[in-house]
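Reviewing the structure listed below.
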Amino acid sequence: MLKGTAASPGYAIGKALVLRNEAIKIEKETVANVEEEKERFSSALKKSKEEIIKIREKALVNLGESKAAIFDAHLMILEDPELIKTIHQKIENNYNATFALKETADEFIAIFEGMDNEYMKERAADIRDVTDRILRNLTGQKATDLSLLDEEVIIVAHDLTPSETATMDKDKILGFITNIGGRTSHTAIMARTLEIPAVVGLNNATSVINDGDFIILDGETGKIDINPSQDQIEEYKRLKDAYEKERKDLEAMRGKASITKDGRQVELGGNIGTPEDINGLLRNDAEGVGLFRTEFLYMNRNTMPTEEEQFSAYKKVLEAMNPKPVVIRTLDIGGDKNLPYLKIDEEMNPFLGYRAIRLCLKENKIFKDQLRAMLRASIYGNLKIMFPMISNLKELLEAKKVLQEVMEELNQEGIRFSDDIEVGIMIEVPSAAIISDMLAKHVDFFSIGTNDLIQYTCAVDRMNEKIHDLYQPFHPAVLRLIQMVIENGHKEGIWVGMCGESAGDQRLIPIFLGMGLDEFSMSPISILPARKLISSLSYEEWKKHAENMLSLSTSEEIIEYVDRLKLNA
Ligand code: PEP
Ligand code: MG
């Protein structure tokens, strides 16, 4: 039995698929039979081509034409006569196909990377991708392709990249298990968005679990049973049935207001990453989108999304939710979310580095294109714009200035946009929380990003499972900051929401409710349970409890206080 962090609720029972995508080993060898080696290379090419065609079909269905087009570029590289000719020449000089391919690919990549033209530069990543696939087919060191699964499996991996989770075949994946990460790592957030049970931060899952092992994944407690007994399987099947029944019962909360016993109404929104996530919002009766993480539109591709592509993504979400509010956050790249084609220098501390608004204020075109797309889409619904990672007032004023410029440009071009767009910021850096009284004078709303606020307040990397115990959502310092932000926002008459993972936590919701939080935005799967919980609470009582809790000195004492109340309820 293994124990990790329960990251996405529910149970999965099934076969493990362990991802071990290690680097390919390439040796330089001399081959005697040139024709045979050429033949080996051709059949690896053919196999790679078949795979790419299949992935393209999948991508078209799951992700749409624009993302599927990446694979057209891959097919073109695969058939490039110049590339194939160079490799053949090397084989004719008695080199093995693997080495010939790798050396040729490296030469081509260097040429493309050295070009002035941005578009051509980006082709280097495509060449790398395609040659990696051919190399794996040549050496038999297969990378598991999550978009091409033929049976239902539980994925076991060191971690999953956002691009892996975006292209994978969701119908075939029963659950995720990863070595690293906590509740707020992107694999965990993605698992909840996809409503797939997950346990993360297991350290050694990929070495302890073997391919094909029968696994029970308990997304409620974080337990993993490997090759369990028949009795255990039966027990878990019962738990799984009970969980599914409970989810069904929650249907009764659909269409209801999120209101306490004594009449305080709040708004329960959903967090999304792509327009496809709208289904989850509608299924779970979200009252709006409290956070649209737009960086997912930029990931899993080789070029920047165009203004037009972004416009159509934002329009889709705004239209689907209209008249409910949709908070679209400007690009929050950096930290653990990387864009290979942006070529950001490697940093010692990416979470403290060149990311989010810091990057957008420097990369003016990226920022302006995105704001233009948002503004143009604003006439299709109720748009609110949010800036991430604000750490001082100057940054906020600069970001607002760029927005103003974009508005003026659109006006000059005679392009319409809504004249009623709220502009807000994430409060996720302690410095912003501390000066929230001043920041509040310049915005229409705050949304507290607890995922980062906790990591920066406690100085604990949110991805590092070794220090997971120190990542404390109940830390008195974190709760005091949150309380301060809510109070400062209200003093200036603006609404205060929260879009970090704490907003969907059953033990924290009552505390934030008592502190006066106006809006909670969470993984859609948590919305109906949150509504049920809120409808059982008294705001006036929790106001007092929240006050009492702020005088406690440790996380443990605060958790104990909450749990005691729950027991007595
Ligand atoms: C947060 O930091 O709480 C947040 C919602 O943003 P992200 O998880 O995307 O960093
Ligand atoms: Mg954040």
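Bear in mind that the values in this text are calculations on the coordinates, not laboratory data. Owing to the predicted nature of the structure, the values given are computational and were not obtained by experimental measurement. Reconstructed Cβ throughout: ideal geometry from the backbone, glycine too, with neighbour counts over all protein chains shown.
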Checklist entry - For Met438, Met1, Met374, Met190, what's the fewest-to-most ordering of other Cβ within 10 Å of each Cβ? => result Met1, Met438, Met190, Met374
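Could the peptides 208-214, 230-236 be put in order, highest first, of the mean number of other beta-carbon atoms found within 10 Å of their residues? Please report the intermediate quantities before stating the final value.
On the way: 208-214: 15.0, 230-236: 12.4.
Packing proxy ranking, top to bottom: 208-214, 230-236.
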Checklist entry - Using a simple charge model, +1 on the beta-carbon of Lys and Arg, -1 on the beta-carbon of Asp and Glu, nothing else, what dipole does the chain show about its Cα centre, in debye to the nearest 20? => result 900 debye
Item to check | lysines with Cα under 20 Å of Lys532, excluding same-chain neighbours fewer than 8 positions away | outcome: Lys245, Lys248, Lys256, Lys261, Lys543, Lys566
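Could you state the per residue volume, in Å³, of the convex hull enclosing the Cα atoms of the chain?
Numbers: hull volume 90.5 nm³, N = 569.
Once divided by residue count, the hull of the chain is 159 Å³.
Given Cα pairs under 8 Å that are at least 6 residues apart, what percent is the relative contact order of segment 454-566? Each step should come with its number before you reach the end.
Values: 118 pairs, mean separation 29.2, N = 113.
Normalised by residue count, the contact order of segment 454-566 is 26 percent.
Hey, got the dipole for segment 280-382? About the Cα centre, +1 on K and R Cβ, -1 on D and E Cβ, debye to the nearest 20?
Numbers: 16 positive and 14 negative charges, 44 e Å.
So the magnitude is around 220 debye.
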Checklist entry - What angle, in degrees between 0 and 90 and rounded to the nearest 10, separates the Cα long axis of helix 364-377 from the longest principal axis of the Cα atoms of the chain? => result 60 degrees
Checklist entry - Tell me which lysines have Cα within less than 29 Å of Lys466's Cα, excluding those fewer than 8 residues away on the same chain? => result Lys3, Lys15, Lys223, Lys337
Checklist entry - So which GluC sites (Glu not before Pro) in segment 335-444 pass both tests, a DSSP loop state and at most 11 other Cβ atoms within 10 Å of the Cβ? => result Glu346
Checklist outcome for this item: Computed D for segment 400-460, Stokes-Einstein, Kirkwood radius over alpha-carbon pairs, 20 °C, 1.002 mPa s, to the nearest µm² per second, is 158 µm²/s
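Suppose only helical runs count, i.e. DSSP H with n ≥ 4. What mean residue ellipticity at 222 nm does that imply for the chain under -39500 (n - 2.57) per run, divided by all residues and rounded to the nearest 500 deg cm²/dmol? List each step's numbers first, then the result.
Details: 23 runs with 276 residues, N = 569.
It lands at -15000 deg cm²/dmol.
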Checklist entry - Antiparallel as a % of all DSSP beta bridges within the chain, to the nearest 5? => result 30 percent
Item to check | Within-12-Å neighbourhood charge of Val31 [Cβ basis; K, R +1; D, E -1] | outcome: -3
Item to check | Relative contact order for segment 1-153, counting Cα pairs under 8 Å that sit 6 or more residues apart, in percent | outcome: 34 percent
Item to check | Inter-site label distance for Asp249 and Lys85 at 7 Å from Cα along Cβ, in nm | outcome: 7.2 nm
Item to check | Gyration tensor (Cα) of segment 254-568, equivalent ellipsoid semi-axes in angstrom | outcome: 32, 23, 18
Checklist entry - To the nearest 10 degrees, how steep is helix 97-113 against the longest Cα principal axis of the chain, on a 0 to 90 scale? => result 60 degrees
Checklist entry - Going by how many other beta carbons lie within 10 Å of each one, how would you line up His186, His442, fewest first? => result His442, His186
Checklist outcome for this item: With the charge dipole of segment 254-568 built from beta-carbon charges (+1 for Lys and Arg, -1 for Asp and Glu) about the Cα centre, the Cα from Thr554, Leu528, His490 projecting farthest to the positive end belongs to Leu528
Item to check | Rg followed by Dmax, in Å, when segment 34-139 is reduced to its Cα trace | outcome: 14.3, 44
Checklist entry - Which listed residue (Phe512, Ile333, Ala257) has the Cα farthest towards the positive end of the charge dipole for segment 254-568, taking +1 on Lys and Arg C-beta and -1 on Asp and Glu C-beta about the Cα centre? => result Ala257
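Taking the Cα centre of segment 254-568 as origin, sum charge times position over the Cβ atoms of Lys and Arg (+1) and Asp and Glu (-1), and report the length of that vector in debye to the nearest 20.
The calculation lands at about 480 debye.
Once you keep just the Cα pairs under 8 angstrom separated by 6 or more residues, what percentage relative contact order results for the chain?
Values: 1066 pairs, mean separation 84.0, N = 569.
Answer for the chain is 15 percent.
Please pull out the direction-averaged projected area of segment 256-362, using the convex hull of its alpha-carbon atoms, in nm² to one decimal place.
Numbers: hull surface 35.3 nm².
In nm², the orientation-averaged hull projection of segment 256-362 is 8.8.
Starting from the alpha-carbon convex hull of segment 226-265, give the projected area averaged over all orientations, in nm².
Values: hull surface 18.0 nm².
Spelled out: convex hull of the Cα atoms, projected over all directions, averaged, 4.5 nm².
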Checklist outcome for this item: Projected onto the charge dipole of segment 34-139 (unit charges on the beta-carbon of Lys, Arg, Asp and Glu, signs +1, +1, -1, -1), the Cα from Ala125, Ile55, Leu101 with the largest positive-side position is that of Ile55
Checklist entry - Do any trypsin sites (Lys or Arg not before Pro) in segment 186-274 lie in a loop, going by DSSP, with at most 14 other beta-carbon atoms within 10 Å of their beta carbon, and if so which? => result Arg254, Lys256, Lys261
Checklist entry - Can you give the angle from 0 to 90° between the axis of helix 539-549 and the longest principal axis of the chain, with both taken from C-alpha atoms, to the nearest 10? => result 70 degrees
